[in-house]
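Report on the following structure.
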Amino acid sequence: MARRVGVDSEHAREGLAAFEPPPMRLALQRSGGLTLINDAYNANPDSMLAGLRTLKQVTPAGARRVAVLGDMLELGEHAEQAHREVADAIVREDLADLVIGVGPAASAMVAPLRATGLSVEGLPTLDKASIRTILETLRPGDVVLLKGSRRTGLERVAEAWRIASEPSAAGGPV
């Protein structure tokens, strides 16, 4: 494609290497021994599955795949079914080792996942206590996907981890 518009290979490589996605759209954050994939800008069933498949593809062998999944909002009467279909795909495609569902709509994923024996945690809302619970669940080496509708506020988990991971933070990450 670059050649068609007159860009040589060297410049195309440099441009791609320098590319940074918009905030909260598959943005990588590495700190405290974790890799966070912050894709919390928005969510619908297709984008949530794409994020989960990315999590599976980028996680090194032996690392734990953690999916922190918030509500997919604005789905109307299809919300519960859409959340259950995502849960089915998680199991069918082996997309995560641990799922943390955040929010009332995401709770539609929790019970079906728990029934399969997958490690799963359900949090009714994202408040300070829930963020602390999430951070305490994470461990060095984990690859973590944050994915949910914007109003779920999952970017607060990434920010809390960043702050806790700073060398000046008392005791390091929670």
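Selection of the stretch 91-117 for residues being in a loop (DSSP other than H, G, I, E, B) and charged (D, E, K, R) yields 93, 94, 97. Return the residues of the stretch 103-121 that are more than 19 Å from residue 53 (Cα to Cα) and under 15 Å from the mean Cα position of the chain (by Cα); say none if nothing qualifies. Passing the criteria: 103, 121.
Please find, within the stretch 42-88, the residue that is farthest from residue 117 (Cα to Cα) out of those that are assigned to a strand (DSSP E or B) and not hydrophobic (A, V, I, L, M, F, W, C). Spell out the reasoning first.
Of the stretch 42-88, the ones assigned to a strand (DSSP E or B) are 65-70.
Subsequent filtering for residues that are not hydrophobic (A, V, I, L, M, F, W, C) retains 65, 70.
Numbers: 65: 15, 70: 20 Å.
Result: 70.
When 98, 73, 69 are checked against the criterion of being over 15 Å from the mean Cα position of the chain (by Cα), surrounded by 16 or more Cβ atoms within 10 Å (Cβ to Cβ) and under 20 Å from residue 130 (Cα atoms), a single residue qualifies: 73. Of all the residues in the stretch 76-95, those that are surrounded by fewer than 16 Cβ atoms within 10 Å (Cβ to Cβ) and in contact with a strand residue (DSSP E or B) (Cβ under 7 Å, 6 or more places away or on another chain) number 0. Of everything in the stretch 109-132 that is in contact (Cβ under 8 Å) with a residue 24 or more places away in the chain, over 14 Å from residue 94 (Cα atoms) and touching a strand residue (DSSP E or B) at 6+ places or on another chain (Cβ under 8 Å), the residue that is surrounded by the most Cβ atoms within 10 Å (Cβ to Cβ) is 109.
Is there a residue in the stretch 159-174 that is closer than 30 Å to residue 77 by Cα and crowded, with 16+ Cβ neighbours inside 10 Å? No, the conditions are met nowhere in the stretch 159-174.
Throughout, read-outs are computed from the coordinates displayed, never taken from laboratory work. Bear in mind the structure is a predicted one, so any value in this text is a computation, not a measurement. Positions of Cβ are generated from backbone atoms using ideal geometry, with glycine treated the same way; all protein chains shown enter the neighbour counts.
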